[in-house]
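Note sheet for the following structure.
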Amino acid sequence: MQHTIRVRFIIALLIFSTQLFSQKEIKLKVESQYLYSSKTNLQPFYQYTNQWGVVSAFEQSQGLFIAGLQYQLLDKRNIQLNMGTSGVLRNKTDDSFLHEAYIKGKLFNFIDISLGKHAWSPVSYNDQLTVGGFMRNANARPIPRAQIGIFDYWPVGFLNEAIEIKGGLSHGLLNDNRTSLGLSNEANDVQVHEKWAYIKAGKIKVQPYIGLFHGALMGGERASGAEIGTDYWATFFAKGSEEIGGGEATNTAGAHDGFWDIGLYFNNEVGNFHFYLQKPFADGSGMKIYNRTNHDYKIGVLAQLHHVKWIKNVSVELIKTNYQSGEGIPDPIYPEGTNKAGQIIFISAIEDCDAFMLTYFGEDTDGYTTDDVKEYLEINQNHGLKYGGRDDYNNNYVYYNAWTYQKQAMGLPLYHTYWQAKAYAPNWSSNKHGVFVNNRIRGVHLGLEGEVLEGLTWLFKASYTNNKGAYAEEYVKRYSWEEDEEFYYKGGKKQVYTNMNLSYKSKHWKNALIKTSFSWDAGELYHAFGCMVGISVHPSLAL
């Protein structure tokens with residue numbers, strides 16, 4: 001009954017939206033796909049990633065029918081508004097869902113607004129050709145959000161347009177089922193705070209830029225009904241919150257992730273080029289771009305070639321996320337056998353260092369300072385390493401499901417979730433400290449796109465990765481040095497993902513597109529072959 005209501009709602013919404021307006025043009029989208037995988041419980045990687053969560057990762061065969069529309073609601077001098085909606089009908093109708101439902105627009109010709117579920121990203125670069133962005137990419141379904149900002153680069157007039165800026169502020173909700181595993185740190189109705197800011201040179205041939213994207217999870221409700229406290233401004237500024245209390249009073253309120261984005265645009269007679277260096281972070285130390293402990297990155301180039309028809313677009317990327325501020329545990333902890341065993345030691349709050357050393361470590365010291373305590377703990381507890389390591393990208397101890405939506409990664413698609421790992425390693429048992437059991441990656445990616453004949457285009461992607469798991473899986477706990485003997489990714493597991501996509505658009509049927517793709521994944525994680533066939537029609541109706 002529930003799935004029948006859902007399907008009827010999607011169809012009714014599309015019909016109602018079509019009948020609501022009677023004067024202007026409506027842009028329609030109707031698409032049908034069929035996908036198959038040789039692996040019974042997992043599609044090949046590029047058959048389900050970077051497609052806004054439309055394709056299920058865990059079904060061997062699936063048929064999809066996608067329908068949607070876009071319409072301009074208002075076009076005035078100081079305000080323009082557009083709406084859009086789309087729905088996905090699956091062969092298993094119980095899994096059908098409303099994919100998009102949004103209103104977006106522009107105020108005073110430069111302020112952008114958006115409300116609802118919209119398959120759009122302000123910061124990710126060509127997810128169809130690249131491996132996908134660190135955050136706000138096209139991998140998971142769009143979540144309901146309210147957004148405001150300057151979404152496209154805007155030249156600053158009083159600086160003679162020598163500088164261009166863009167940025168925005170967003171607040172959303174993770175309204176999927178996030179308590180299905182019965183864990184104490186799962187939570188539903190988690191709020192999502194996001195903001196981004198970019199500045200770029202204008203009016204010169206080589207245009208360097210720098211940008212920052214910051215996201216945070218906050219609030220929510222445990223399966224038990226307990227509410228998780230929120231402090232918006234503490235989360236906004238990534239500060240501790242006395243209002244929430246506990247660990248979030250001394251660390252930061254909320255679960256934080258983001259990335260720095262530095263690069264340049266360069267155009268010449270050969271083509272348009274975009275070079276970028278992105279550096280991810282999951283805490284305050286990683287956010288400091290000058291901090292030498294942030295060794296991770298994605299280095300890439302996107303090229304749009306002018307005079308080579310059979311290769312029009314090129315993407316090359318190098319990915320490294322395996323360091324994560326180092327192997328040392330994040331914070332010092334009280335030793336076993338004490339009344340505070342396993343709790344975090346806040347060194348700056350120690351009043352009598354000599355008494356502290358004697359009470360908790362049995363060391364008789366004289367005139368110890370907090371610096372002496374820190375040095376002692378680093379040497380004796382943290383294997384000589386500085387604290388602040390094991391950043392655990394996209395994971396957080398407060399929110400097990402972290403940066404996922406409908407079991408799809410909202411961050412880098414190369415990070416594997418618990419559900420993906422269970423599909424290719426069913427006998428392995430995760431420590432379940434975080435949903436991303438494999439977020440330490442080294443890899444290289446190539447994407448190519450071109451035209452073979454008039455109307456016949458192709459797109460090829462291949463990614464090679466060395467998958468090193470997660471620190472909280474390599475050790476029995478994130479704050480432990482005891483190695484897990486059953487660690488599945490021990491020594492790193494190599495894997496290759498490939499995809500070849502062909503699309504044909506006839507000059508006689510310009511609104512119709514026929515497409516097919518073939519995917520092959522192979523390596524030490526799993527082997528899978530898959531294919532897809534589909535047709536999409538994008539007509540416009542003048543009513």
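The values are calculated or read from the model by the stated rules, or taken from the named source; none is laboratory data. Values in this document were obtained by computation on a predicted structure and should not be read as measured data. As a convention, Cβ positions derive from the backbone with ideal geometry for all residues, glycine included, and neighbour counts pool all protein chains shown. All accessible areas refer to the heavy atoms of the entire protein, side chains included, with ligands and DNA or RNA removed. Shrake-Rupley method; radii C 1.70, N 1.55, O 1.52, S 1.80 Å.
Things worth noting here:
- Matching entry among ASN339, ASN291 (being modelled with pLDDT under 90, open to solvent by 10 Å² or more (accessible area, probe 1.4 Å) and assigned to a loop (DSSP other than H, G, I, E, B)): ASN291
- Residue match in the range 301-313 (condition: of a type in the set (A, V, I, L, M, F, W, C), buried (at least 19 other Cβ atoms within 10 Å of the Cβ) and in a loop (DSSP other than H, G, I, E, B)): no
- For the range 127-164, the set of residues classified as among the small types (Gly, Ala, Ser), open to solvent by 20 Å² or more (accessible area, probe 1.4 Å) and part of a loop (DSSP other than H, G, I, E, B) consists of ALA162 only.
- Meets criteria (of a type in the set (Gly, Ala, Ser), out of contact with any strand residue (DSSP E or B) (no Cβ under 6 Å at 6 or more places or on another chain) and buried (at least 16 other Cβ atoms within 10 Å of the Cβ)) for GLY367: no
- Residue within the range 468-484 that is touching a strand residue (DSSP E or B) at 6+ places or on another chain (Cβ under 6 Å), closer than 30 Å to LEU302 by Cα, assigned to a loop (DSSP other than H, G, I, E, B) and without any contact (Cβ under 8 Å) to a residue 40 or more places away in the chain present: yes
- Within the range 485-502, the set of residues being surrounded by 18 or more Cβ atoms within 10 Å (Cβ to Cβ) and assigned to a strand (DSSP E or B) comprises LYS493, GLN495, TYR497, THR498, ASN499, ASN501.
- Qualifying residue in the range 165-173 (condition: assigned to a loop (DSSP other than H, G, I, E, B), in contact with a strand residue (DSSP E or B) (Cβ under 6 Å, 6 or more places away or on another chain) and within 28 Å of GLY229 (Cα to Cα)): no
- Top-ranked residue of the range 343-361 - restricted to ones that are open to solvent by less than 50 Å² (accessible area, probe 1.4 Å) and touching a Ser or Thr at 6+ places or on another chain (Cβ under 7 Å), ranked as nearest to ASP331 (Cα to Cα): ILE347
- Pick from the range 93-125, criterion open to solvent by 30 Å² or more (accessible area, probe 1.4 Å) and at positive phi, ranking: nearest to the chain's Cα centre (by Cα): ASN109
- Odd one out for ILE262 among (1) within 19 Å of the chain's Cα centre (by Cα); (2) touching a residue at least 60 places away in the same chain (Cβ under 8 Å): (2)
- Any hit, the range 81-92, residues being part of a loop (DSSP other than H, G, I, E, B), within 26 Å of the chain's Cα centre (by Cα), over 30 Å from PHE151 (Cα atoms) and not charged (D, E, K, R): no
- For the range 236-250, the condition of being surrounded by fewer than 14 Cβ atoms within 10 Å (Cβ to Cβ) and among the hydrophobic types (A, V, I, L, M, F, W, C) holds for at least one residue.
Results for (1) closer than 20 Å to ASN185 by Cα; (2) touching a helix residue (DSSP H, G or I) at 6+ places or on another chain (Cβ under 6 Å), shown as yes or no for each residue.
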residue: THR365; (1), (2): no, yes
residue: LYS374; (1), (2): no, yes
residue: ASN380; (1), (2): no, no
residue: TYR387; (1), (2): no, no
residue: VAL398; (1), (2): yes, no
residue: THR404; (1), (2): yes, no
residue: PRO413; (1), (2): no, no
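- Among the residues making up the range 170-197, a single one is farther than 21 Å from PRO122 by Cα, at pLDDT 95 or above and among the small types (Gly, Ala, Ser): ALA187.
This table checks each residue for (1) among the basic types (Lys, Arg); (2) over 25 Å from GLN43 (Cβ atoms); (3) open to solvent by 10 Å² or more (accessible area, probe 1.4 Å); (4) part of a strand (DSSP E or B).
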residue	(1), (2), (3), (4)
ARG390	yes, yes, no, no
TYR397	no, yes, yes, no
TRP419	no, no, yes, no
ASN431	no, yes, yes, no
VAL437	no, no, no, yes
LEU448	no, no, yes, yes
SER463	no, no, no, yes
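- Some residue of the range 173-185 being surrounded by 17 or more Cβ atoms within 10 Å (Cβ to Cβ) and touching a Ser or Thr at 6+ places or on another chain (Cβ under 6 Å): no
- Scanning the range 105-116 for residues that are part of a strand (DSSP E or B) and more than 15 Å from ILE143 (Cβ to Cβ) yields GLY105, LYS106, LEU107, ILE111, ASP112, ILE113.
- The numbered conditions (1) part of a strand (DSSP E or B); (2) of a type outside the set (S, T, N, Q); (3) modelled with pLDDT of 95 or more; (4) farther than 16 Å from HIS538 by Cβ are all true for LEU73 except (3).
- Among the residues of the range 60-88, those identified as closer than 30 Å to LYS39 by Cα and open to solvent by less than 60 Å² (accessible area, probe 1.4 Å) are GLN60, SER61, GLN62, GLY63, LEU64, ILE66, ALA67, SER86, GLY87, VAL88.
- Residues located in the range 419-462, provided they are touching a Leu at 6+ places or on another chain (Cβ under 8 Å), of a type in the set (Phe, Trp, Tyr) and in contact (Cβ under 8 Å) with a residue 60 or more places away in the chain: TYR424
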